[in-house]
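The values are calculated or read from the model by the stated rules, or taken from the named source; none is laboratory data. These figures come from a predicted structure and were not determined experimentally. Quick reminder, even Gly has a Cβ in these numbers, built from the backbone with ideal geometry, and neighbours come from all protein chains shown.
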Amino acid sequence: MNNIRRCSLLLLFIVASAKTVFAQADSSTITPTCVSCVCSKDATPAGVMISHAHSKGEWMLSYRYMGMTSKGIQQNGTNISNEQVYNQYLMSSDKMQMSMHMLMVMYGLTNRITLMGMVDFNRSTMNMNAPEGSAHVHNGVAMSSGMEHTMKASGIGDVSLTGLFSIVNSFNHHVLLSGGISIPTGSVQTKDNSGERYPYMMQQGSGTWDVLPGVTYMFQQNKIMASTQLYSTIRTGYNSVGYKLGNKIAINGWVAYRWFNWLSTSLRVEGNAAGRIQGTDSDLYIYSEPSANPANYGGKAIAGYAGMNFYFLAKNKIGIEGGLPIYQKLNGIQSSVNTNINLNYTLLF
């Protein structure tokens, strides 16, 4: 909760500072409809969900793909081997892939208020390794000495509804408050073919109603755009299975340049901090594998991204962005993030 309090205080400080600074600006520089200037030159990286509001009556439809691969194992920030994991658990995993397909719609209710809705489809795969000399059943698969198998799970995730409010909207400067809720439509009881429940990270949703506050500042000057953003996910209670995921806080900063009418490039850095899972799923045996232990979730990470946007047919944009880890210190035993890729297609009308 200390992190959440710090996040709230920082949000209030940023908003108060922005109001003070821009209240002193010449009123002639404030253009309530200038949000359209951002949309027409939007260089937002593919991995950024929120960057600006929309003009009254304007719609935006977006398809996004996010993919993450994990390789190797960390224990409290130190690289370890499968053999070291076997000292505590029956199984180990050093490879994982997660993908997310998202559909998002945004609508400019007024020149200052934009509504946003999003739903996603998740797919996760995780390889499992058995130590030499072992013999047991894991997720319906009879595991013997040195054997491997892959867990797979997929399904619809949680639905989010968000409101965006533009509190500063001049030609060069934009400050945007966002607040939303995540509706627990994703399953937390996904099982394998034998009826055994998958571990926490293989589930499709949080199982809880979550609050999604955030604040975004963006600067634009000619062909340059830059932004910094603070946002978080706050869990409001325990789900039907008996646990709640950790709260999350993220800081995001990026800069982009529009080289031509059809091309822009970007650089981005994102830092994340997440708490451990609280509570437990009583159907999971905590020592079967690290992902079945609530203590092996959360931590701190920083990643760097490089991206490109391509523009065509006036109001269509395709974006691609690749990311690599800069710093990771994960709680307990977890697979290390190796690469990230973000793709998106947006249409304004």
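One residue stands out in the range 309-349 among those that are more than 29 Å from residue 116 (Cα to Cα) and small (Gly, Ala, Ser): the one that is surrounded by the most Cβ atoms within 10 Å (Cβ to Cβ), namely 335. Answer yes or no as to whether residue 192 is crowded, with 19+ Cβ neighbours inside 10 Å and either more than 22 Å from the chain's Cα centre (by Cα) or at pLDDT 95 or above (or both). No: the conditions fail for residue 192. Exactly one condition in (1) touching a residue at least 40 places away in the same chain (Cβ under 8 Å); (2) under 17 Å from the mean Cα position of the chain (by Cα) is not met by residue 301; state its number. Here residue 301 clears every test but (1).
In this structure, does residue 287 turn out to be modelled with pLDDT under 95 and over 23 Å from residue 45 (Cα atoms)? Yes: the conditions hold for residue 287. Condition first: touching a helix residue (DSSP H, G or I) at 6+ places or on another chain (Cβ under 7 Å), assigned to a strand (DSSP E or B), in contact (Cβ under 8 Å) with a residue 40 or more places away in the chain and surrounded by 21 or more Cβ atoms within 10 Å (Cβ to Cβ). Can you find one or more residues in the range 104-118 that meet it? No, the conditions are met nowhere in the range 104-118. Where strands (runs of 3 or more DSSP E) fall wholly inside the range 257-349, the ranges with 1 or more residues that are acidic (Asp, Glu) are 263-274, 316-330.
Of everything in the range 52-73, what is outside any strand (DSSP E or B) and in contact with a helix residue (DSSP H, G or I) (Cβ under 8 Å, 6 or more places away or on another chain)? Give them in sequence order. Break it down into steps so the answer makes sense when it comes.
Here is the first cut: in the range 52-73, the residues outside any strand (DSSP E or B) are 52-58.
Scanning the range 52-73 gives 52, 53, 54, 55, 58.
For beta carbons closer than 6 Å, sequence separation of 6+ or different chains, a first residue in the range 148-176 that is modelled with pLDDT of 95 or more and a second that is of a type in the set (D, E, K, R) and assigned to a strand (DSSP E or B), the qualifying pairs are 154/123; 157/120. Of all residues assigned to the range 82-95, at least one qualifies as being in contact with a helix residue (DSSP H, G or I) (Cβ under 9 Å, 6 or more places away or on another chain), in a strand (DSSP E or B), at pLDDT below 95 and of a type outside the set (D, E, K, R).
Of the residues examined, residue 204 is not one that is crowded, with 20+ Cβ neighbours inside 10 Å, under 20 Å from the mean Cα position of the chain (by Cα), modelled with pLDDT of 95 or more and not in a loop (DSSP other than H, G, I, E, B). Annotation note: of 55, 92, 81, 124, the sole residue that is surrounded by 21 or more Cβ atoms within 10 Å (Cβ to Cβ) and over 25 Å from the mean Cα position of the chain (by Cα) is 92. Taken over the range 250-302, the residue count meeting the criterion of being surrounded by fewer than 20 Cβ atoms within 10 Å (Cβ to Cβ), among the small types (Gly, Ala, Ser) and out of contact with any helix residue (DSSP H, G or I) (no Cβ under 8 Å at 6 or more places or on another chain) is 7.
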